[in-house]
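Working notes, beginning with the structure itself.
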Amino acid sequence: MDCKKVIADYWNLRSSTYTNGENGFDEEERIVWRRMLENSLPSGQKLKVLDVGTGPGFLALLFSEMGHEVTAVDISLGMLEKARNNAKSLGIKVDFFQGDAENLPFEDCYFDLVVNKYLLWTLPRPTAAVQEWKRVLKPGGKVFAIDGNWFNPRPDKRIKRWITGVVNTDMNKNPPRSFFDEFYEPIRNSLPLYEDISPENISIVFSKMGFANTAVNPLQEVQKFKKSKLSFTQRFLRDTSIFLITGQKTA
């Protein structure tokens, strides 16, 4: 089975409803994320930023708003179309390209910062992707990977995900869990970080690929904001923790 085709097909179909943020591009949420990102970078520098797996462009547009030169790639043409429309509606410039996170169409040592959000869990070869991100970074450049323990195999987590799938269409406008399973169940064993994504595991991958100064940010302000927008039932069912892992390419 061609994992990449399955992944692209799924996200093409999901592009009409997926937001990559609790409330999409709601300004209040974007302010929280932007403040976190600004605090994670040195002030006063204009960076060349690459957003890998941009989806609807959430991170790409934030970095562009912050004054950086942003390029964004995604394997899904549907997502890229949505990202371009979001950029146009907000009056923000980003260069969008179709591309594979594990085989980037960019020259060596070009970007100051590579970022991604909710991407590593869905890659067949996450170490190859991280190696690619290192390749396109300038010496001293940084990588920011944001993700969450979406498919923790613990029994209590599985039960909560099952309940969420049952009531999913009442909680939001996303498709039912069975739609996701139709695509991802046949390929889940080909995705090394599908169940094993954690700050520790990503940090290990970063270190193996030669990144230095790896660090974990638990994104407390972002998580507090996300919880504040949920009902009691949603807070009980959605107990996934998200986190930011950073690393630096040595000179």
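The values are calculated or read from the model by the stated rules, or taken from the named source; none is laboratory data. Quick caveat: nothing in here was measured; it's all calculated off a predicted structure. In this analysis, Cβ positions are derived from the backbone assuming ideal geometry, glycine residues included, and neighbour counts consider all displayed protein chains. SASA here: full protein model, heavy atoms, side chains in, ligands and nucleic acids out. Shrake-Rupley method; radii C 1.70, N 1.55, O 1.52, S 1.80 Å.
Each label was represented as a point 7 Å from its Cα along the Cα-to-Cβ direction; for Ala251 and Lys46 these points are 2.4 nm apart.
Each Lys or Arg adds one and each Asp or Glu takes one away; over the other residues whose Cβ falls under 15 Å from the Cβ of Arg84, this sums to -1.
Subtract the Cα-Cα distance of Leu77 and Ser241 from 0.36 nm times their separation in residues, and report this length gain in nm to one decimal. Spell out each step's value before the answer.
Details: separation 164, 0.36 × 164 = 59.04 nm, distance 2.88 nm.
Extending this stretch completely gives an extra 56.2 nm.
Taking the accessible area of segment 1-123, probe 1.4 Å, and keeping the other protein chains in place, the carbon and sulfur fraction comes to 49%. Structure note, pairs Lys5/Lys227; Lys4/Lys208; Lys117/Lys138; Lys227/Lys249; Lys138/Lys226: Cα-Cα distances above 29 angstrom occur for Lys5/Lys227; Lys227/Lys249; Lys138/Lys226.
In vacuum, with every alpha carbon of segment 55-145 counted as one equal point scatterer, what does the Debye formula give for log10 I(q)/I(0) at q = 0.17 Å⁻¹? Two decimals, please. Result of the Debye calculation: -0.71.
Distance between the 7 Å Cα→Cβ label points at Arg84 and Asp26: 2.9 nm.
Contour minus end-to-end for Ser207 and Tyr110, with contour as 0.36 nm per residue of separation and end-to-end as the Cα-Cα distance? Working shown, then result.
Values: separation 97, 0.36 × 97 = 34.92 nm, distance 2.11 nm.
Net length gain for the segment: 32.8 nm.
Is segment 1-84 rounded, prolate or oblate when judged by the Cα gyration tensor, a ≥ b ≥ c being the square roots of its eigenvalues, rounded requiring a/c under 1.5 and prolate requiring a/b larger than b/c? It is prolate, given that a/c is not under 1.5 and a/b is the larger ratio. Based on protein heavy atoms only, segment 1-147 ends up with 40 Å² per residue of surface accessible to a 1.4 Å probe.
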